[in-house]
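Working notes, beginning with the structure itself.
The values are calculated or read from the model by the stated rules, or taken from the named source; none is laboratory data. Computed from a predicted structure; not experimentally measured. Glycine gets a Cβ as well: all are built from the backbone with ideal geometry, and neighbour counts include every protein chain shown. Keep in mind that these areas ignore ligands, DNA and RNA; they rest on the heavy atoms of the full protein, side chains included. Shrake-Rupley method; radii C 1.70, N 1.55, O 1.52, S 1.80 Å.
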Amino acid sequence: MNTKIPAAPSIAPSMADRDGFIWYNGAMTKWRDANTHVLTHGLHYASVVFEGERAYNGKVFKLREHTQRLLDSAKMLRIPVVYNLDQLMAATNDVVKANKLPNCYLRPIVFRGPEVAGLLPSAAPGHVAIAAWEWPSYFDMATKMKGIRLQWAEWRRPAANTAPVHSKCAGVYMICTLAKMKAEEEGYNDAMFMDYRGLVAEATGANVFFKFNDGKVYTPTPDCFLNGITKNAVADIIRGMGVEVIERAIKPEDLKNATECFLTGTAAEVTPVKSVGEYQFAPGDFSQLVVKKFYEATGG
Ligand code: PMP
């Protein structure tokens, strides 16, 4: 039988079809040539870790911390990486320069390649790539300053003995994509996860802070999700403003005490929040000041 099966439709634009350069396994490679085979282990079994970084005026914010987290994440997934911290930091700076993008988002990634097909990987080291492109703030400035609306996610952040939750690994992002899709379909900007215990955890790609009516700022203890690099930078900024920052377990009902709320993350930067489910906040002077001081700290 000679059945002709039509090709799957391709939808433009595609991230695969762009000009520029991607650092790929040690060489600056033309964007369209930075490819891998369909039998890539990472595609089948999520043996993938990555980073999200931003350059401001040619300088990558917290480059050392992000690069170290990439290596730590790879170690948690037992993916060998042949490049060291200094080599990867230099490669990242080269990508910013080669693409002539002083203000950009960067995506380093480490993944197991197509060396073997089974679950048990080969001893081959991970493949490493670093891409950069212009990606303005996750939320446009007008939406951002009014505050975004979040719904509660249907999914929960898993316990630390359920998944390698402290690595920035692709596998734990499945529920982020699903929660974000549902939120957007239902007219929200994003979703807020509770964790497996029902405590407030984080948004789909960002950590969360609340200013309570006692004048202090609270953020959930990151014991089953990413301890964000932006979160720690923002906590330092707030402490520098003379305001106490407390990391602790936060129950959803505690949010009735919150007057302001904002998200922090490399992509989201500092994004004020207007509501999480039934809880309303008033993005006010405090959030605005944190946004301003964060941009000063990044040099952006
Ligand atoms: N949580 C999740 C799920 C994220 O994807 C991110 C963004 N990397 C964060 C938190 C914030 O991390 P960072 O500030 O290090 O970018």
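Values as computed for the structure displayed
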item	result
Condition check for Leu63: without any contact (Cβ under 8 Å) to a residue 60 or more places away in the chain and over 28 Å from Pro136 (Cβ atoms)	no
Pro114, sole failed condition from (1) out of contact with any His (no Cβ under 6 Å at 6 or more places or on another chain); (2) modelled with pLDDT of 95 or more; (3) surrounded by fewer than 20 Cβ atoms within 10 Å (Cβ to Cβ)	(1)
Test: residue in region 248-258 that is assigned to a strand (DSSP E or B), away from the ligand (no atom under 16 Å from the Cβ) and open to solvent by less than 50 Å² (accessible area, probe 1.4 Å)	yes
Residues located in region 180-207, provided they are surrounded by fewer than 22 Cβ atoms within 10 Å (Cβ to Cβ) and either at pLDDT below 95 or within 11 Å of the ligand (Cβ to nearest atom) (or both)	Lys180, Gly205
Options Leu119, Leu71: the member that is open to solvent by 90 Å² or more (accessible area, probe 1.4 Å) and touching a helix residue (DSSP H, G or I) at 6+ places or on another chain (Cβ under 7 Å)	Leu119
Conditions (1) away from the ligand (no atom under 14 Å from the Cβ); (2) open to solvent by less than 70 Å² (accessible area, probe 1.4 Å); number of the one not met by Gly52	(1)
Any hit, region 2-22, residues being within 21 Å of Val165 (Cα to Cα) and modelled with pLDDT of 95 or more	no
Conditions (1) more than 22 Å from the chain's Cα centre (by Cα); (2) closer than 24 Å to Lys59 by Cα: number failed by Val234	(1)
Filter result (touching a Lys or Arg at 6+ places or on another chain (Cβ under 8 Å) and among the hydrophobic types (A, V, I, L, M, F, W, C)) within region 95-128	Cys104, Leu106, Ala124
Residue selected from region 259-294 under the condition assigned to a loop (DSSP other than H, G, I, E, B), closer than 19 Å to Ala142 by Cβ and away from the ligand (no atom under 15 Å from the Cβ), by the criterion modelled with the highest pLDDT	Phe281
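One line per residue, one yes/no per condition, for (1) touching a residue at least 12 places away in the same chain (Cβ under 8 Å); (2) open to solvent by less than 10 Å² (accessible area, probe 1.4 Å); (3) out of contact with any Asp or Glu (no Cβ under 7 Å at 6 or more places or on another chain):
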position	(1), (2), (3)
Gly277	yes, no, yes
Ala282	yes, no, no
Val290	yes, yes, yes
Glu296	no, no, yes
